[in-house]
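Encoded as structure tokens, the structure appears first; notes follow it.
The values are calculated or read from the model by the stated rules, or taken from the named source; none is laboratory data. Owing to the predicted nature of the structure, the values given are computational and were not obtained by experimental measurement. In this analysis, Cβ positions are derived from the backbone assuming ideal geometry, glycine residues included, and neighbour counts consider all displayed protein chains. When the accessible area is computed, the model is the full protein with side chains, heavy atoms only, and any ligands, DNA or RNA have been set aside. Shrake-Rupley method; radii C 1.70, N 1.55, O 1.52, S 1.80 Å.
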Amino acid sequence: MNMNFLRYDIPAGIVVFLVALPLSLGIAQASGLPPFVGLLTGVIGGVIVTLLSPSRFAVSGPAAGLVTIVVGAMETLGSFSSLLLALMLAGVLQIVFGIIKAGRFVSLIPGSVIQGMLAAIGILLIMQQIPVALGYQGEEGLRGIFSDPAFSLSPTALIVPAVALLILWLWTTPPFKRIKLMTYVPGPLVAVLWGSLAVIFGDRIVPDSIQAMPRIALPKFDSVNEVTSQLEKPNWSAWNNPQIYVIAATLALVASLETLLSQEALKKLKEQTPAPSPDKEMRAQGIGNLISGFLGGMPITAVIVRSSVNVNTGARSKVSILLHGVLLLLCGMFFSEMLNTIPLACLAAVLLYTGYKLASPALFMTQWRLGLPQFLPFIATLAGILLFGMLAGIGIGLLAQLLSSTYKSHHNAMQLTRDENHYVMRFHQNLTFLHNPRLQSLLAEIPDNSVVRVERENVGYIDPDVKAVLSDFVAKAPERNITLDRWPVGH
């Protein structure tokens, strides 16, 4: 390792830590898990996965995109410990993906399906975090805000998440971006600091409203035994539950997709020579999730937000990522009292903003402008995930994309043009039985007493079923006084 890199890597590692800290706490809270679990996952991703990863810049840890899967999985399985077993199995699947070199197949997933998946995750995240931001602690979620008679909205407490959202927005505006100092201070950290200060000093102004806000609850660790006592173990007896394997497959697929997409996005920010192997990355992520499941952590992926921060702050090697992992560990071990001043509403604001960026109106407009062949699979994926779950939604999106692409391809496979009573039928690609409906509709447009010519320079194969349709047209041509020129079959 070049020691000159340290002057770049140490500042970058500190900034990445400042970004990862509120996100790790917030993702754990959004998943209904103790905040310590989020920090533990960040440590595993920042240290173990980093040491195994082929990428020098990709930062791994808990991902907001998997929150909805984690919440749904715990409801299905009935406990976090059962989810841990599914996470270990997902890690094994990812290792297998890497061994069989499945990373290359990520390019087969259409962009419209991927965008639909991310948008659905964003919407689910927003729906889940609105009640937390408003201070509702019931189990009914979004419906409970309107239906629970015991809940009353506190205008004073609402100020905390509202200001946090304002801070997050301001940090993305051009005037703030032009201030160089602001680029080194992450918006999420400032939002969380605002929440802590509101809790610490707000009791002097509005003691009841502010002090009653739910906050982070990290235990204080005085020994290694206290740390290990906080770690939950996998429920090994759940191996015979079929849902374990469905959830494991879902976690493995979505986590792998998010990791590989993050790697693709990272290439546009910082070239690496040689380029990191996606198969090695999947093996590293698989080992990380296997260990995370065993120790009581959450699903791990490479996260583009933290990775881009790492690159943009000047990182030169893996040292910056390792440093961020160590700082997360030290923060959880020795600064729990300080972290316990953070209100959950502030963390909810950070995740609400993350969800908005995943499902922004601009994304919908961009997909719409790409045309119906792109927009329909995008919407089908989004709606499928919201209604039926992640795997089913991705499957629906893939089917919609396949049908859309097939229709577009078949529609352009052949073309009929007219010049007076002369017709030219052009075949632009190989023809199969699926082209018959389009072919028959075009042939039906040709009137009696016509001259028909076929051009098929780029066609190497015509299916027997297509030839049968063409032969039937040839057989009836004399009766209709149709002259055939350069006909591919039967003439």
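Applying the selection to segment 353-375, what residues are part of a helix (DSSP H, G or I) and touching a residue at least 60 places away in the same chain (Cβ under 8 Å)?
Passing the criteria: Tyr353, Thr354, Gly355, Tyr356, Lys357, Leu358, Leu363, Phe364, Gln367, Gln374, Phe375.
If only residues of segment 236-250 that are aliphatic (A, V, I, L, M) and within 21 Å of the chain's Cα centre (by Cα) are counted, the one that is most open to solvent (accessible area, probe 1.4 Å) is Val246.
Looking at segment 171-185, which of the residues that are among the hydrophobic types (A, V, I, L, M, F, W, C) and either open to solvent by 80 Å² or more (accessible area, probe 1.4 Å) or outside any helix (DSSP H, G or I) (or both) is farthest from Pro343 (Cα to Cα)?
Ile179
When segment 1-59 is filtered for residues that are of a type in the set (S, T, N, Q), assigned to a helix (DSSP H, G or I), modelled with pLDDT of 80 or more and over 14 Å from Leu347 (Cα atoms), the ones remaining, listed by number, are Thr41, Thr50. Residue count for segment 360-385, restricted to those that are within 25 Å of Ile69 (Cα to Cα) and either at pLDDT below 85 or surrounded by 24 or more Cβ atoms within 10 Å (Cβ to Cβ) (or both): 6. Specify the residue that is modelled with the highest pLDDT; the eligible residues are those in segment 186-215 that are within 28 Å of the chain's Cα centre (by Cα) and either over 24 Å from Gly13 (Cβ atoms) or surrounded by fewer than 16 Cβ atoms within 10 Å (Cβ to Cβ) (or both). Among those residues, the one meeting the criterion is Gly195. Test Leu439 against the criterion of being open to solvent by less than 40 Å² (accessible area, probe 1.4 Å) and assigned to a helix (DSSP H, G or I), and give yes or no. Taking the combined requirement at face value, the residue satisfies it. In this structure, Ala238 does satisfy being at pLDDT below 90 and within 27 Å of Leu83 (Cα to Cα). Quick one: in segment 46-74, which of the residues that are of a type in the set (Ser, Thr, Tyr) and within 19 Å of the chain's Cα centre (by Cα) is surrounded by the most Cβ atoms within 10 Å (Cβ to Cβ)? Among those that are of a type in the set (Ser, Thr, Tyr) and within 19 Å of the chain's Cα centre (by Cα), it is Ser60.
How about segment 382-412: which of its residues are farther than 26 Å from Ile123 by Cα and not in a helix (DSSP H, G or I)?
Asn412 - this is the single residue of segment 382-412 that is farther than 26 Å from Ile123 by Cα and not in a helix (DSSP H, G or I).
Okay, residues lined up against (1) modelled with pLDDT of 85 or more; (2) open to solvent by 50 Å² or more (accessible area, probe 1.4 Å); (3) not hydroxyl-bearing (Ser, Thr, Tyr):
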| residue | (1), (2), (3) |
| --- | --- |
| Lys267 | no, yes, yes |
| Thr273 | no, yes, no |
| Arg283 | yes, yes, yes |
| Ser292 | yes, no, no |
| Thr301 | yes, no, no |
| Arg316 | no, yes, yes |
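Look at (1) open to solvent by 60 Å² or more (accessible area, probe 1.4 Å); (2) over 29 Å from Pro373 (Cα atoms) and you find that Ile482 fails only one, number (1). None of Val474, Val424, Val469 is in contact with a helix residue (DSSP H, G or I) (Cβ under 9 Å, 6 or more places away or on another chain), farther than 30 Å from Ile121 by Cβ and outside any loop (DSSP other than H, G, I, E, B) except Val469.
Of the residues making up segment 299-327, those that are assigned to a helix (DSSP H, G or I) and of a type outside the set (Val, Ile, Thr) are Arg306, Ser307, Ser308, Asn310, Asn312, Ser320, Leu322, Leu323, His324, Gly325, Leu327. Are any of the residues in segment 338-351 surrounded by fewer than 21 Cβ atoms within 10 Å (Cβ to Cβ), of a type in the set (S, T, N, Q) and within 16 Å of Leu218 (Cα to Cα)? There is at least one residue in segment 338-351 that is surrounded by fewer than 21 Cβ atoms within 10 Å (Cβ to Cβ), of a type in the set (S, T, N, Q) and within 16 Å of Leu218 (Cα to Cα). Only residues that are at pLDDT below 75, closer than 24 Å to Pro343 by Cα, small (Gly, Ala, Ser) and open to solvent by 30 Å² or more (accessible area, probe 1.4 Å) were counted across segment 104-146, and they come to 1. Look through segment 98-110, keep the residues that are part of a helix (DSSP H, G or I) and free of Cβ contacts under 8 Å to residues at least 60 places away in the same chain, and return whichever of them is nearest to Leu403 (Cα to Cα). Among them, the one singled out is Leu108. Of the listed requirements (1) part of a helix (DSSP H, G or I); (2) over 20 Å from the mean Cα position of the chain (by Cα); (3) surrounded by 23 or more Cβ atoms within 10 Å (Cβ to Cβ); (4) of a type outside the set (D, E, K, R), Leu330 misses just one: (3). Gln415 falls short on exactly one of the conditions (1) in a helix (DSSP H, G or I); (2) open to solvent by 60 Å² or more (accessible area, probe 1.4 Å), and that condition is (1).
Number of residues in segment 335-383 that are more than 17 Å from the chain's Cα centre (by Cα) and among the hydroxyl-bearing types (Ser, Thr, Tyr) equals 3. Only residues that are within 43 Å of the chain's Cα centre (by Cα) and either of a type in the set (D, E, K, R) or closer than 14 Å to Val452 by Cα (or both) were counted across segment 417-436, and they come to 2.
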